[in-house]
Amino acid sequence: MNVIKMPQDKSRIKKLKAGDQLLFSGIFYTARDQAHRKLVKAIKTKKKLPIDLDGKVIYYCGPTETPPGKIIGSCGPTTSSRMDFFIEPLLKKGLLAMVGKGARSQTVKLLIKKYKAVYLLAPSGCGAMLSEFVLSKKLICFPELGPEAVYQLEVKNFPLIVGVDAKGKSIY
Amino acid sequence: MKKSSQNISKKIKKLVEKSSFSLSYDAKRLISQAFQEEKQKRPKQALGWILENAKIAKRDKLALCQDTGLPIVFIEAGKNQELSYALVDKIKKEVARYYKESYLRRSMVDPLLRKKPNYKEAICHTQFLSQVKGLKVTLFPKGFGSENKTQLKMFNPTVDFSQIEDFILNCIRQAGPEACPPFFVGVGIGGTSDQALLLAKKALIGRVDKENPDKYLAKLEKKIIKKINKLGIGPMGFGGKTTALAVKIKKEPTHIAGLPVGVNISCHALRRATVRLR
């Protein structure tokens, strides 16, 4: 089992191969459809981004509300292919990894290779189980998007599988 | 009146909690069976995660999946039943209320304006059926990872069934790993275009682990699931034996000029619950 601790294992994560399993500890930033639209719009209009994307990991996730006494509610991955259209500007800003579910387009695989990023799969439809690997949750930006806002999640030993490795090779 | 109103609230609360926090009994049975039968490492692990997730969700009263769906309510009334505006309105509103009180996700939004998502009233289908006794309410929260893969095709009435089969197989191929396999596949055949899709959804609210009482449809279901499971998509797209856990077909008379077929897929987290109000 590959144990990846970020940010120190930044170069190790790029060496993993499609299909490799890992336990990830570090920071995720949640972002899905509307947050991507906003981030890309900000980049295109040369506005300052609310998060520095360099070396960061985006998790395609919109959690439920947090029940009392919990750190987070159910928080599994959403379909990654809906974000395919947005990813090049984010990779240009140094985005290191994306976490989601399902296959990526051919274009995205080539972009992942070009920018030496990595795409990781989280167990899909297992949001309750995944909530147990989250240590903290903090709102970063776009609160008006509700569950689609950007949250910073600190995770420990979060189970992942490499979907597309830094060489552009896909598990699917 | 007040007492019966409280009674309805209590039942709707139970409906929301049961359908969001627990995997349906029949679905769980089929997933456990698939787990036992799977030999390959990664798909077996995926099925193990699904079962573990169901255990944690139930224990901690957490949503099985963060996509707590768009709530769909089916109200089925038997003979001699009366259905009032007030009752249907109350059911819709109580579903939204308990979505909020159960800390589910605010997933509903204006389709064009896309302003802040929130809890909204459930979509409600009402039907009078002679075979139903009393008044049955079923809540089916539908996640959109799989709902987005819905397809409808208006076939030529003289088409060979193999073409319908190919269409269904193609729907599954196109759904792929991102719609959260292994799937429960609902197929609606006949009626009009809207009716075929509604039938496909209704096919998923009946027991998925029981043979179709219609012998002809049962035979088709068996044939189709065999073919789907040869596609090798597998749990979470990791290959293996099980791409579909069940195929359920419903049919209704249609027009001599047409043959509508609707396919509605549910992810592995098949959640629905039924209560009897009367």
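Every number here is computed from the coordinates shown, using simple stated rules; none is lab data. Only a predicted model underlies this, so the values are computations on that prediction, with no experimental measurement involved. Counting neighbours? That spans all protein chains shown, and the Cβs are built from the backbone with ideal geometry, glycine included.
Remark: for residue pairs A:169/B:230; B:210/B:251; B:41/B:61, the C-alpha separation exceeds 27 Å in B:41/B:61.
For residue B:256 and residue B:209, what does the FRET efficiency come to when R0 = 25 Å and r is the distance between their Cβ atoms, rounded to the nearest 0.05? After rounding, the FRET efficiency stands at 0.10. Between residue B:37 and residue B:121, the modelled label-to-label distance comes to 4.4 nm, taking each label 7 Å out from Cα in the direction of the beta carbon. GNM on chain A, alpha-carbon springs under 10 angstrom: the most fluctuating residue among A:40, A:118, A:150 is A:40. Electrostatic tally near residue B:78: other residues with Cβ closer than 13 Å to its Cβ, Lys and Arg +1, Asp and Glu -1, net +3.
For region A:104-110, 3J(HN,Hα) computed residue by residue from phi via the Karplus equation (6.51, -1.76, 1.60; θ = phi - 60°) reads 10, 6, 4, 4, 5, 4, 5 Hz, glycine and proline entered as x.
Across B:144, B:161, B:238, mean-square fluctuation computed from a Gaussian network of chain B (C-alpha pairs under 10 Å connected) peaks at B:161.
Taken as Cα centroids, region A:10-80 and region A:94-172 sit 5 Å apart, rounded to the nearest whole angstrom. In this calculation the C-beta distance from residue B:230 to residue B:156 is compared with R0 = 22 Å, giving a FRET efficiency of 0.25. Taking a Cβ cut-off of under 9 Å around residue B:16, the surrounding Lys, Arg, Asp and Glu residues balance to a net charge of +1, with basic ones at +1 and acidic ones at -1. Using 0.36 nm per residue and subtracting the Cα-Cα separation, the extra length available between residue B:52 and residue B:9 on full extension is 12.4 nm.
When both region B:50-103 and region B:174-253 are represented by their alpha-carbon centers, they are found 23 Å apart. Only helical runs count toward this figure. For the protein assembly as shown, summing -39,500 (n - 2.57) over DSSP H runs of n ≥ 4 and dividing by all residues gives -10500 deg cm²/dmol at 222 nm. Taking every DSSP bridge with both residues inside region B:2-276, close to 60 percent are antiparallel.
Positive contributions from Lys and Arg (+1) and negative ones from Asp and Glu (-1), summed over other residues with Cβ under 12 Å from the Cβ of residue B:93, come out at +2. Charges were assigned to the Cβ only: +1 to each Lys and Arg, -1 to each Asp and Glu. The resulting dipole of the protein assembly as shown about its Cα centre is roughly 720 debye. Coupling constants for region A:17-29 follow from the phi torsions by the Karplus curve (6.51 cos²θ - 1.76 cosθ + 1.60, θ = phi - 60°), and in residue order they are 10, 3, x, 5, 9, 9, 10, 9, 10, x, 10, 10, 10 Hz; glycine and proline get x.
Send over the Kirkwood Rh of region B:68-128, from the inverse of the averaged 1/r over different Cα pairs, rounded to one decimal Å. With all distinct Cα pairs of region B:68-128 included, I get 12.8 Å.
Over 22 Å apart at the Cα level, from the set A:113/B:39; B:10/B:93; B:28/B:153; B:222/B:250, are A:113/B:39; B:28/B:153.
Do the alpha carbons of any pairs in A:114/B:115; B:79/B:223; B:90/B:201; B:58/B:100; A:47/A:137 sit beyond 29 Å of each other, and which pairs? A:114/B:115; B:79/B:223, as the Cα separations exceed 29 Å there. Taking B:264, B:148, B:53 in turn, the Gaussian network model of chain B (Cα-Cα springs below 10 Å) assigns the largest fluctuation to B:148. For region A:29-140, a crude dipole built from +1 on the beta carbon of Lys and Arg and -1 on the beta carbon of Asp and Glu, taken about the Cα centre, is about 600 debye to the nearest 20. Cβ screening of chain B for cysteine pairs under 4.7 Å finds these without a partner: B:65, B:124, B:171. Among B:255, B:125, B:268, A:36, the order by Cβ neighbours within 10 angstrom, fewest to most, reads B:255, B:125, A:36, B:268. On a per residue basis, the convex hull of the C-alpha atoms belonging to chain B measures out at 142 Å³.
With the convex hull drawn around the C-alpha atoms of the protein assembly as shown, the volume per residue stands at 152 Å³.
Per the Kirkwood formula applied to alpha carbons, region B:1-153 shows a radius of gyration over Rh ratio, Rg over Rh, of 1.02. Restricting attention to the protein assembly as shown, close to 60% of DSSP beta bridges with both partner residues there are antiparallel. In sequence order, region A:79-90 has phi-based couplings of 4, 6, 4, 5, 9, 3, 4, 9, 7, 4, x, 6 Hz under the Karplus curve 6.51 cos²θ - 1.76 cosθ + 1.60, θ = phi - 60°, and Gly or Pro positions carry x. Among the residues of B:114-121, the average count of other protein chain beta-carbon atoms within 10 Å of the residue beta-carbon is 3.
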